[in-house]
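The values are calculated or read from the model by the stated rules, or taken from the named source; none is laboratory data. Please read all numbers here as calculations on a predicted model, not as lab measurements. To get the accessible areas, we keep the full protein, side chains included, count just its heavy atoms, and leave off ligands, DNA and RNA. Shrake-Rupley method; radii C 1.70, N 1.55, O 1.52, S 1.80 Å.
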Amino acid sequence: MHAPHAAPTAETLRTALAGLLDGLPPRQAAQAVDRLIANYRGRTPTDAPVLRDRSDVAAYAAYRMPATFEAVRAALDALRERAPEWAPATHLDIGGGTGAASWAVAAAWPDGAHSTTVLDWADPALALGRELTRQSPAAPLRDARWQRRALTADLALPDATDLVTVSYVLGELTPSDRRAVVGEAARTAQAVVLVEPGTPDGYLRVREARDQLVAAGLHVLAPCPHSDACPIEPGADWCHFAARVSRSSLHRQVKGGSLGHEDEKFAYVAATRFPAPDPGPASRVTRHPQTRKGQVLLDLCTPDEGLTRRTLTKRHGPLYRAARDTAWGDTWPPPEDE
């Protein structure tokens, strides 16, 4: 799930983020990130944001934006795989903060001419997001609109939007506000992409939102191969995926790691008002494939059999060879043109 045109935008974002911490002592930045990670999600009402000032926002953005960008980009790639001819003309980034999801949308449709509006309740985040997009070559980012809005039960969105993204936001909202935000997204959008942390709680929030989107008449395009009830038993397992993220020096300082990358675990759903142009028979690989001598084991969510495991051996010929190159989160079988 990697967009071929996304790399330049990702590199531009990393360069812009590196400049945010100029003048901010590394120890102060690391301490700010530690504090913000400890209490950012799920404990703060939307009228009292934890991101209090520019230094808070700069530290948190430098630490979190690359991971959010990669997770949303992966979800958008899955949407594009199912609806390759569709492209948004308008994009609404709900709870977008400093705009990571908007950067991902610009990467997913690099030749597009869509307009983007970012809604968030934290003025410092909106101001810094606007500052960052000035360094982007993408017109949808440079021309984006940034609006302060509380994500509460009385949220009113425009009557028609092509794409709505809601990333790493649902966990910050009360249950009633969460239902209101998802309901408004379902009402206005042709396509909705929701991304949450790849934890059991994050998955449950995505699952609840998925049910709400389906009840509103939308079709689930990814990651699920169907719009029926999720076959996972809550509490026994959870559906999540991973996106590779290049680690900055701040990442390494905060986490004490030496690797140049890490994997961002995320849960997501992509749903559309329109059915996929070609529904196809594809399943989704829900865990790391297990490669053994002469065989590959694939855990799949299938269109009509629920959760199942497939074993591919050398006697399967091309399918076995394809399975050896298949990754967690991919569709199975792979598209014929691959």
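Over segment 123-192, what percent of the accessible surface lies on carbon and sulfur atoms, probe 1.4 Å?
C and S atoms contribute 47 percent here.
In nm, what is the difference between 0.36 nm times the number of residues separating E233 and Q295 and their Cα-Cα distance?
Gain in length upon complete extension: 19.5 nm.
Expressed in nm², what is the orientationally averaged projection area of the convex hull enclosing the Cα positions of segment 110-153? Numbers along the way, then the final one.
Numbers: hull surface 13.5 nm².
Across all orientations, segment 110-153 yields a mean hull projection of 3.4 nm².
When a/c reaches 1.5 or more, the comparison of a/b and b/c decides; with that in mind, is segment 140-184 rounded, prolate or oblate per its Cα gyration tensor?
Details: a/c = 1.94, a/b = 1.63, b/c = 1.20.
Prolate.
Which of rounded, prolate, oblate describes segment 52-202, given a ≥ b ≥ c as roots of the alpha-carbon gyration tensor eigenvalues and a/c under 1.5 marking rounded, otherwise prolate only if a/b is larger than b/c?
rounded
Given q = 0.20, 0.25, 0.26 Å⁻¹, what are the Debye log10 I(q)/I(0) values for segment 294-338, with equal point scatterers placed on the Cα positions and solvent ignored?
-0.64, -0.96, -1.02
Translational diffusion coefficient of segment 280-319 at 10 °C, 1.306 mPa s, Stokes-Einstein with Kirkwood Rh over Cα pairs, in µm²/s as a whole number.
After rounding, the answer is 147 µm²/s.
Just to make sure I understand: if all protein chains stay in place, what is the order of K293, K314 by accessible area at 1.4 Å, largest first?
The ranking, largest first, comes out as K293, K314.
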